[in-house]
Structures are given as structure tokens and as C-alpha cells.
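Peer 1: Got a structure here, written out as C-alpha cells. Questions coming.
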């Protein structure tokens with residue numbers, strides 16, 4: 001093998017593997033970032049059962065699947081998955097009712113499809129700073145205020 005051919009082979013191999021090394025490094029460093037978890041809290045007038053049943057209706061209208069549900073004690077988890085062209089997005093809502101206060105959390109995780117496999121980003125927790133294009137968040141959030149008859153307050157952990 002001549003010097004120029006071996007150099008070309010090495011250059012191509014370095015280019016190919018540098019993308020893999022970069023992707024692994026990016027995944028490693030993104031997993032070390034400290035993410036804050038945002039929860040919303042609202043005082044709710046209806047009973048726990050009434051509130052949970054109304055929330056379930058809203059979630060199902062938005063295409064969410066109920067994963068865990070106990071309306072008597074006020075626990076609920078729902079999930080929805082979207083599959084656009086090059087990525088998938090898992091959207092989650094969690095609800096807990098304690099002393100007529102609803103504590104809820106909305107998050108989504110995006111997984112990008114690459115030639116080297118799927119790469120997942122850490123979950124992003126929603127608050128009122130998210131884009132209005134996230135209608136799955138805004139519809140449920142706004143309906144929660146209507147159901148409870150009070151304004152939502154955000155808690156950051």
C-alpha cells in the first residue's frame with residue numbers, strides 16, 4: 001500500500017470514529033448536567049375523585065395513555081409518544097393530590113435516530129416558559145386551572 005493510500009485510509013477512519021467519540025462524549029457530558037425539576041401546584045375545590053376523573057378525561061382527549069391510576073388516593077401517571085421523522089418524543093404527566101392540592105409534573109424526553117443508533121436527551125421539565133407549540137402541555141395545564149378553579153404556582157426542585 002502506498003503512503004498516499006494509507007494516509008487516505010487513516011484519514012477516513014479517523015473521521016468516522018471521531019463522530020462516534022464525539023457522540024459518546026456529548027452523551028456523557030449531558031448526563032452530568034444538573035437539571036431542575038419543575039412541578040406545578042394548585043389548590044383544588046372538587047373532591048380528589050372528581051378532580052382525578054376530570055384530569056383523566058383531559059389527558060385522554062390529548063391522546064395520553066393512563067399508566068398508573070388510583071383516583072381514591074389521588075395518584076396518576078400518563079404518557080404519550082410522538083414519532084416525527086428523525087426522532088421520537090415521550091411526553092409524561094404525573095399528578096398527586098394531597099390535602100386538596102394538586103401537584104403535577106410535565107416532562108418530555110427526545111430520542112434522536114442517527115446512523116450509529118438512538119441517542120436520548122435527559123428529560124426536560126415544563127413550566128410556563130415553554131413554547132406555545134407544546135399544545136399537549138398547555139391544554140392540560142390550562143384545563144387543570146379550570147378544573148381546580150385556582151391559579152397554578154410553580155415549585156422548582
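The values are calculated or read from the model by the stated rules, or taken from the named source; none is laboratory data. Predicted, not measured: the structure shown is a model, and the values here were computed from it. Please note: Cβ atoms are built from the backbone with ideal geometry, for glycine as well, and neighbour counts cover all protein chains shown.
Peer 1: Do we find that residue 13 is exposed (fewer than 11 other Cβ atoms within 10 Å of the Cβ), modelled with pLDDT under 85 and more than 15 Å from the chain's Cα centre (by Cα) in this structure? Spell out the reasoning first.
Peer 2: Details: exposed (fewer than 11 other Cβ atoms within 10 Å of the Cβ): yes; modelled with pLDDT under 85: yes; more than 15 Å from the chain's Cα centre (by Cα): yes.
In short, yes.
Peer 1: Out of 73, 103, which single residue is exposed (fewer than 15 other Cβ atoms within 10 Å of the Cβ) and closer than 18 Å to residue 147 by Cα? Outline the logic, then answer.
Peer 2: Details: 103 fails: exposed (fewer than 15 other Cβ atoms within 10 Å of the Cβ).
From the options 73, 103, the qualifying one is 73.
Peer 1: Output the residues belonging to the stretch 128-145 that are in contact with a helix residue (DSSP H, G or I) (Cβ under 9 Å, 6 or more places away or on another chain) and closer than 19 Å to residue 44 by Cβ.
Peer 2: 128, 139, 140, 143, 144 - these are the residues of the stretch 128-145 that are in contact with a helix residue (DSSP H, G or I) (Cβ under 9 Å, 6 or more places away or on another chain) and closer than 19 Å to residue 44 by Cβ.
Peer 1: Any residue at all in the stretch 36-49 that's at pLDDT below 95, assigned to a helix (DSSP H, G or I) and surrounded by 11 or more Cβ atoms within 10 Å (Cβ to Cβ)? Don't jump to the end; show me each part of the working.
Peer 2: Pass one, the stretch 36-49, residues at pLDDT below 95: 36-49.
From the residues that got through so far, the ones that are assigned to a helix (DSSP H, G or I) too are 48-49.
Applying the additional criterion that residues be surrounded by 11 or more Cβ atoms within 10 Å (Cβ to Cβ) yields 48-49.
Yes: one or more hits.
Peer 1: List pairs: first residue in the stretch 91-118 and on the phi > 0 side of the Ramachandran plot and in contact (Cβ under 8 Å) with a residue 40 or more places away in the chain, second residue outside any strand (DSSP E or B) and surrounded by 15 or more Cβ atoms within 10 Å (Cβ to Cβ) anywhere in the structure, Cβ distance under 8 angstrom, at least six positions apart or on different chains.
Peer 2: 100/44; 100/48
Peer 1: For the stretch 63-157, please list each of the strands (runs of 3 or more DSSP E) lying entirely inside it that holds at least 3 residues being modelled with pLDDT of 90 or more. Write out each step before concluding.
Peer 2: Working: elements: 65-70, 75-82, 87-98, 101-114, 117-120, 153-156.
Here the list reads 65-70, 75-82, 87-98, 101-114.
Peer 1: Further question: Can you tell me how many residues in the stretch 121-139 are within 14 Å of the chain's Cα centre (by Cα) and more than 11 Å from residue 108 (Cα to Cα)? Write out each step before concluding.
Peer 2: We begin by selecting, within the stretch 121-139, every residue within 14 Å of the chain's Cα centre (by Cα); these are 121-127, 130-131, 134-138.
With more than 11 Å from residue 108 (Cα to Cα) added as a condition, the list becomes 127, 130-131, 135, 138.
Residues that pass the stated criteria total 5.
Residue-by-condition table, conditions (1) under 21 Å from residue 134 (Cα atoms); (2) in contact (Cβ under 8 Å) with a residue 60 or more places away in the chain; (3) more than 18 Å from the chain's Cα centre (by Cα):
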site: 40; (1), (2), (3): yes, yes, no
site: 44; (1), (2), (3): no, yes, yes
site: 52; (1), (2), (3): no, no, yes
site: 66; (1), (2), (3): yes, no, no
site: 77; (1), (2), (3): yes, no, no
